[in-house]
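Colleague: For reference, the structure I am asking about is given below.
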Amino acid sequence: MTSFDAGPPAGIAEHFAALPSYAPHRDLFWYDWGPVFYRGRLDRSARLLAVASDPGPTERIACRTLVGDAGQRVQGFLAKLGLTRRYALVNAFAYALLPSRARDATPILAEDAHLRWRNDLLDRIIGPDLQAVVAFGAQARRAVELWDSVPDVPVLPVPHPSSRDEPALLAAWRDAIDRLRPVITPDPGGSQAAANYGAAFQEHDYARIPPDDLPFGLPAWFGDDAWGRTAQPRHNNSVKRPGDDLAHSLIWQAPLDQP
């Protein structure tokens, strides 16, 4: 891999290191795995800021957010807008949230230390070229609602990419693409000519995670789980938590046939 993400700018890295403690709420998160912060451009050049909910097991392997099945759906969303580089992706929560505890965790977003840290982060990573904000899911929507200096650009709340209500997800994403295409300036080499979403997710609605978004040293196949989506049995992520040790173990599966 000759293209890779060298990491956050120094000032942003210092801000990440100052993340308020999640220890008082550790029973709501996969706490022992630590935080995962971002993917994309943090240099204020982003044309689109996307906020999602929290990192998952694939994100823990990459130390970057939105790189698994949900992230590859988001990358397909970006591709339909013609964005290949100028975006920034972050989460409402820096720690992986236990799905059954989402309702209990949501009030944390408004706790003073977490609110100030998150809003400061959002302020630091956007710049004058920002054209839109997309909030993927309920926690992201709440985080953006609490952002007291949200810029004067379109702000679209849409379902999270892993929503189980696929018809509602696709309808909302289809509408968002229609609304955002006139607003977003495509990146060089990007195109808005791809078909919008249909009645069900198709493989062409996914896009692989660009090497520029990933740290050095990951295998070349990482960030493209098309092989798993066509496997029998199907699995949409190369990383999962084993049922007998959800808190402390991950299983990472590589494609069987490597060149």
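The values are calculated or read from the model by the stated rules, or taken from the named source; none is laboratory data. No experiment lies behind these values; they were computed from the predicted model shown. Cβ sites come from the backbone with ideal geometry, for glycine too, and all protein chains shown count toward neighbours. Side chains included, ligands, DNA and RNA excluded: accessible areas come from the protein's heavy atoms. Shrake-Rupley method; radii C 1.70, N 1.55, O 1.52, S 1.80 Å.
Colleague: Counting Lys and Arg as +1 and Asp and Glu as -1, what is the net charge of the other residues whose Cβ lies under 14 Å from the Cβ of A231? Kindly include the intermediate steps, with their values, before the conclusion.
Modeller: Working: positive: R229, R234, K240; negative: D69, E203, D224, D225, D257.
Its environment carries a net charge of -2.
Colleague: Shifting gears a bit: Taking all protein chains as present, what is the carbon and sulfur share of the accessible area of segment 78-199, in % to the nearest whole number, probe 1.4 Å? Intermediate values should be presented prior to the final figure.
Modeller: On the way: 2820 of 5510 Å².
It is 51 percent, rounded to a whole number.
Colleague: Could I ask something else about it? Could you state the orientation-averaged shadow area of the convex hull built on the Cα atoms of the chain, in nm² to one decimal?
Modeller: Numbers: hull surface 55.8 nm².
Taking a quarter of the hull surface, the average projection is 13.9 nm².
Colleague: Next question. Mind checking the dipole of segment 1-131: about its Cα centre, +1 per Lys or Arg Cβ, -1 per Asp or Glu Cβ, Debye to the nearest 20?
Modeller: Around 480 debye, computed over segment 1-131.
Colleague: At 222 nm, what value in deg cm²/dmol follows for the chain if DSSP H runs of at least 4 each add -39500 (n - 2.57) and the sum is divided by all its residues, to the nearest 500? Spell out each step's value before the answer.
Modeller: Numbers: 8 runs with 71 residues, N = 259.
It comes out at -7500 deg cm²/dmol, rounded to the nearest 500.
Colleague: Take D245 and D27, extend 7 Å from each Cα along the Cα→Cβ direction, and tell me the distance between the two endpoints in nm.
Modeller: The modelled label-to-label distance comes out at 2.4 nm.
Colleague: Starting from the Cα of D175, step 7 Å along the direction of its Cβ; do the same at R234; then give the gap between the two resulting points in nm.
Modeller: Distance between label points: 2.6 nm.
Colleague: Which FRET efficiency, nearest 0.05, do S149 and A226 yield, Cβ-Cβ r, R0 45 Å? List each step's numbers first, then the result.
Modeller: Working: r = 39 Å, r/R0 = 0.87.
The pair S149/A226 has a calculated efficiency of 0.70.
Colleague: Once you list every other residue whose beta carbon is under 15 Å from the beta carbon of R60, what net charge do they have if Lys and Arg are +1 and Asp and Glu are -1?
Modeller: Values: positive: R39, R64, K240, R241; negative: D32, D54, E59, D69, D245.
My count for the surroundings of R60 gives -1.
Colleague: Provide, as a two-decimal number, the C-alpha radius of gyration of segment 156-259 over 2.2 N^0.38 Å, N being how many residues it has. It would help to have the intermediate numbers written out before the result.
Modeller: Values: Rg = 16.7 Å, N = 104, 2.2 N^0.38 = 12.8 Å.
Dividing the Cα Rg of segment 156-259 by 2.2 N^0.38 Å gives 1.30.
Colleague: How much FRET efficiency would the formula 1/(1 + (r/R0)^6) give for S3 and R44, where r is the Cβ-Cβ distance and R0 is 22 Å, rounded to 0.05?
Modeller: Values: r = 21 Å, r/R0 = 0.96.
In this case the efficiency is close to 0.55.
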